[in-house]
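Just so it is clear, none of the values below were taken in a lab; they were calculated from the coordinates. None of the values given here were measured: they were computed from a predicted structure. Cβ coordinates were reconstructed from backbone atoms using ideal geometry, including for glycine residues, and neighbour counts include every protein chain displayed.
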C-alpha cells in the first residue's frame, strides 16, 4: 500500500540513493554529465533536506513508501508569496507506472494550494521523458529550454487556478 509522508532524517540515505539511481536509469549516452549533476545535487540541497525543505512553512519534502520501502520523493520550495518550485521528483525504477509519481504530484499541488501559491514551476532534463509526459498531462506548460553542457533542461509552469487540459470548461457568466 502506498503511503505519502513527510521526510524524516532517518530517510536521508534511502532518498539520496533513490535520487542517484533514478537519474542514472535515464542517463543513456550522457552518463558522465548525469553523474556530475547527481553529485552536485547530493552536495547541495539533498545534503541537508531538513534545512532546505522543512524549516520554513512554505517548503516541504515528502517520500512515498510502499511496504515500508521508499519508492518515491519530491520537494517544494517557496520562491515568493505567489510561486513555489517543485524539486527532486524521483520514483524508483521498480515502482514506476504504479501511480506513485501521480500521487506525489497531487500531494505537492494540494500543499501549494493550501499555502496560497498561484503557480508551481519546475525544471527537468529532457532525458526524463516519462516525467515530462506526466507534467504535461497535469497541465504544466513548457516555458523555456536551456543547455547544461550536453544535457538539455526544460522549464515548466502550472498555474494552480488553471484546471489544465481535459478539464471541463467553466462558463465565466455563471
Suppose the Debye formula is applied to equal point scatterers at every Cα of the chain; what is log10 I(q)/I(0) at q = 0.14, 0.15 Å⁻¹? -0.75, -0.87
I need 134, 73, 1, 24 ordered by Cβ neighbour count within 10 Å, fewest first. 1, 24, 134, 73
Contact order normalised by length for the chain, with contacts defined as Cα pairs under 8 Å and 6 or more residues apart; what percent is it? 18
Label-point separation, residue 151 to residue 79 (7 Å along Cα→Cβ), nm: 1.9
Tell me, what is the FRET efficiency for residue 31 and residue 94 to the nearest 0.05, using R0 = 22 angstrom and their Cβ-Cβ distance as r? 0.60
To the nearest 10 degrees, how steep is helix 31-43 against the longest Cα principal axis of the chain, on a 0 to 90 scale? 80
Taking the Cα atoms of segment 25-102, what is the range of coordinates along each of the three principal axes, in descending order and whole Å? 38, 32, 22
7 Å from Cα along Cα→Cβ at both residue 55 and residue 21: what's the point-to-point distance in nm? 3.0
Over all viewing directions the Cα convex hull of segment 116-161 casts an average projected area in nm² of 3.2
How high is the FRET efficiency between residue 113 and residue 8 when r is their beta carbon distance and R₀ equals 25 Å, given to the nearest 0.05? 0.55
